[in-house]
């Protein structure tokens, strides 16, 4: 087995040779975050890919993220280092089931969380992120919203809109397993700390925290707040970035068990193999890509209320 520095040096050499850029999600392993050209949330990274003068995009995350990059940058080669890195929530919905739900709610607009596969985006009216979900929903003319696939994010939106939200019965298992008891325990252990949580968490969790943010929102808030201690209710990979970028502050996980196995599949060796072998290439059929991009593009026209 090669030592870490040898692997990193080889990655950097191949990156230059391939004219590649490495995009890494906030939930990935710390060692992979540390070699990122860009680190962030799934949509932000895909939008960054569009701006880069690169031939190859190495997307370290899970399958739907690499798909989004391929949808927005069809002229570039998008590779994911491990094809088995899949989002459980994205697999909790399929096209036939969604089409049936659309027939059952013919007047409802379909809002699709970006944490979904391309085929689901293509069946939707508009996409949303965890940060702009409320704004997207409130921008629509429809009174009923079929919100897929995250029931917890749907519930969060329902409490910030007058529209009728019809939730899909899907969730992020990592966020959904965070319970009220975890919040209360963390607060008792760290009474001076503020608590910030991702809106993919259950309502019982969100009602007991100080702030609800996307991962990008967490980074921005932690940077500007004077608070020196924070409890973080999201996937624990986020703590690596926060601790690295803000060593003067202390960050605690809501639970040591808040780990997504899929987000941890990609390691340095996998990134090296992907660049050596140009694998695994993510492609989205053109007809599907165009329809999915329409839902993403429509979202990008929505102005944030904050």
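The values are calculated or read from the model by the stated rules, or taken from the named source; none is laboratory data. Predicted model only: the values in this text are computed from it and were never measured. Glycine gets a Cβ as well: all are built from the backbone with ideal geometry, and neighbour counts include every protein chain shown.
Some values worked out for this structure:
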| quantity | calculated |
| --- | --- |
| Answer from 131, 154, 108 - the residue that is crowded, with 16+ Cβ neighbours inside 10 Å and over 23 Å from residue 25 (Cβ atoms) | 108 |
| Residue 11 farther than 19 Å from residue 260 by Cβ, modelled with pLDDT of 95 or more and in a strand (DSSP E or B) | no |
| Any hit, region 22-35, residues being in contact with a strand residue (DSSP E or B) (Cβ under 9 Å, 6 or more places away or on another chain) and closer than 25 Å to residue 286 by Cα | yes |
| Criterion: touching a helix residue (DSSP H, G or I) at 6+ places or on another chain (Cβ under 6 Å) and surrounded by fewer than 19 Cβ atoms within 10 Å (Cβ to Cβ) - qualifying residue of 300, 268, 275, 288 | 288 |
| Which numbered condition residue 65 fails, given (1) surrounded by 16 or more Cβ atoms within 10 Å (Cβ to Cβ); (2) closer than 19 Å to residue 268 by Cβ; (3) in contact (Cβ under 8 Å) with a residue 60 or more places away in the chain | (3) |
| Subset tally (residues that are in contact (Cβ under 8 Å) with a residue 24 or more places away in the chain, over 22 Å from residue 48 (Cα atoms) and touching a strand residue (DSSP E or B) at 6+ places or on another chain (Cβ under 9 Å)) for region 201-221 | 6 |
| Helices (runs of 4 or more DSSP H) contained in region 22-92 and holding at least 2 residues at pLDDT 95 or above and not assigned by TED's automatic domain parsing to the domain that holds residue 235 | 30-33, 63-72 |
| Conditions (1) outside any helix (DSSP H, G or I); (2) within 21 Å of the chain's Cα centre (by Cα); number of the one not met by residue 279 | (2) |
| The lone exception for residue 73 - which of (1) surrounded by 23 or more Cβ atoms within 10 Å (Cβ to Cβ); (2) closer than 30 Å to residue 11 by Cα; (3) touching a strand residue (DSSP E or B) at 6+ places or on another chain (Cβ under 8 Å) it fails | (1) |
